[in-house]
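In what follows, a single structure is set out as structure tokens and then discussed.
The values are calculated or read from the model by the stated rules, or taken from the named source; none is laboratory data. Everything quoted here is computed from the prediction, not taken from an experiment. Quick reminder, even Gly has a Cβ in these numbers, built from the backbone with ideal geometry, and neighbours come from all protein chains shown.
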Amino acid sequence: MERNWRLTLGRKAPHQQPGAIATGQARPAAEFARANQHARRVRRLKVALPLLAGAIIVAGLAATWLARSAPVDLTVAATTIQNGQLVMEDPRMSGKDKNDRPYFVTAQRAMQALDRTGAIDLEGINANLTLDPETTAEIAALAGRYDPKAEVLRLYDSIEVTTSNDIVIRLSSADILLNDGRLEGNGPVYIQTPNQTLQSGNVTIQNGGDRLTFGNRVKLTLLPAATGGTDQRAANDE
Amino acid sequence: QQGGFGENFGGLQVQGDQPITIESNQLDVDDANSIATFSGDVEVVQGETMMRAAKLIVHYVRKAQDGAQAVATSNMPGNSSDIDRLEAEGDVYVKSTDQVATANRADFDMKTQIVVMSGDVVLTQGPNVATGCRLTIHMETSVAQLQSRDCGGAAAPAGGRVRMLLSPNSQPNG
């Protein structure tokens with residue numbers, strides 16, 4: 001189910017004249033004053049960086065929540081034993097997370113090794129979480145491996161997180177260290193929110209999303225707020 | 001004279017309608033304290049204006065969340081917060097169309113729209129060069145004042161006076 005993300009680039013024609021870089025020639029004071037009046041309103045530099053932090057926190061929380069909440073019920077279409085592995089077809093797991101919000105996780109197949117490790121390989125993972133009253137997130141990963149001993153859930157072969165408020169996050173793989181609530185995502189990391197895009201080589205999310213580190217070259221692009229942006233603030237004219 | 005040279009330093013004019021890109025080797029977001037730190041070859045570009053620095057610290061203010069304090073994702077996009085101020089440190093280089101200013105640090109106050117570049121400030125426009133210890137730029141009007149006294153500890157040029165070198169046949173190009 002390949003979801004293509006919508007890059008909304010709504011751009012309003014600024015009611016003020018288009019910004020012109022002041023030219024360099026000298027002007028008498030009066031003309032300068034007059035020119036100054038015509039200087040267009042300058043809108044406050046609105047680097048909505050924290051918006052971006054919010055977006056990334058979604059990814060972190062989504063992943064850590066997914067792993068740590070106890071499944072309420074697990075249904076499996078069919079289980080067979082094949083070459084030393086318990087193969088579960090179309091496992092579905094749903095439940096309520098610690099904030100009593102519903103989630104469900106499905107996979108095409110889950111194969112649990114019957115040896116001591118008990119590691120579970122998953123294929124075609126899809127998870128749906130509610131992150132806060134108004135936001136849900138959907139995570140899709142082609143494959144994953146859960147190692148109960150090390151308490152690490154690794155998702156790989158491209159992960160995509162889309163949230164109900166137009167945030168898309170893509171990673172190529174992520175290790176989620178369950179007990180210390182840490183996610184190490186390797187890139188290319190791509191995060192798109194309504195008016196920002198962030199690309200980086202990797203990302204580490206720690207303690208529930210309070211600390212995020214993007215590494216190996218980061219590029220953040222802040223698009224001018226689209227007219228329809230919920231936080232659209234008219235250029236301050238005071 | 002000072003007016004013609006510094007007054008049109010549009011270097012830091014913020015055009016609300018142009019995308020801004022910030023690049024760096026690393027970005028650390030400390031959401032608990034609402035600080036984001038870009039470090040390592042930081043480059044900020046918006047239209048004609050470009051700034052380079054070793055480090056850029058962004059202090060943002062999180063909008064007070066009305067109603068119940070939702071979970072940590074309360075700063076979800078949609079309820080935005082604004083940039084309070086920026087601090088650029090380490091070989092700060094700011095270039096606008098035809099003017100370049102370099103300094104040890106630059107502090108941007110988004111509320112007052114004033115930028116203060118301090119420490120070995122060199123302002124050049126074509127062949128003209130002016131040095132001082134503090135350059136105060138009003139982003140909205142792009143009026144710039146270069147000073148070399150009461151620098152508040154910032155490195156001052158020798159002799160403590162603004163020194164300006166104007167090349168005789170240079171007409172600041174329009």
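Quick notes on this one:
- Within the range A:151-169, tally of residues that are more than 11 Å from the chain's Cα centre (by Cα) and within 12 Å of A:Ile191 (Cβ to Cβ): 0
- Residues that are under 16 Å from A:Ile125 (Cβ atoms) and not β-branched (Val, Ile, Thr), drawn from the range A:72-91: A:Leu74, A:Ala77, A:Met88, A:Glu89, A:Asp90, A:Pro91
- Of all residues in the range B:152-174 being buried (at least 16 other Cβ atoms within 10 Å of the Cβ) and within 18 Å of B:Asp91 (Cα to Cα), the one that is modelled with the highest pLDDT: B:Ala154
- Among the residues listed as A:Ser164, A:Ser158, the single one being out of contact with any helix residue (DSSP H, G or I) (no Cβ under 6 Å at 6 or more places or on another chain), within 21 Å of A:Gly201 (Cα to Cα) and without any contact (Cβ under 8 Å) to a residue 60 or more places away in the chain: A:Ser158
- Residue satisfying all of: in the range B:125-144; assigned to a strand (DSSP E or B) and within 14 Å of chain A (Cβ to nearest Cβ); surrounded by the most Cβ atoms within 10 Å (Cβ to Cβ) among these: B:Ile137
- The criterion of at least 2 residues that are more than 9 Å from chain A (Cβ to nearest Cβ) is met by the following strands (runs of 3 or more DSSP E) wholly inside the range B:15-60: B:35-46.
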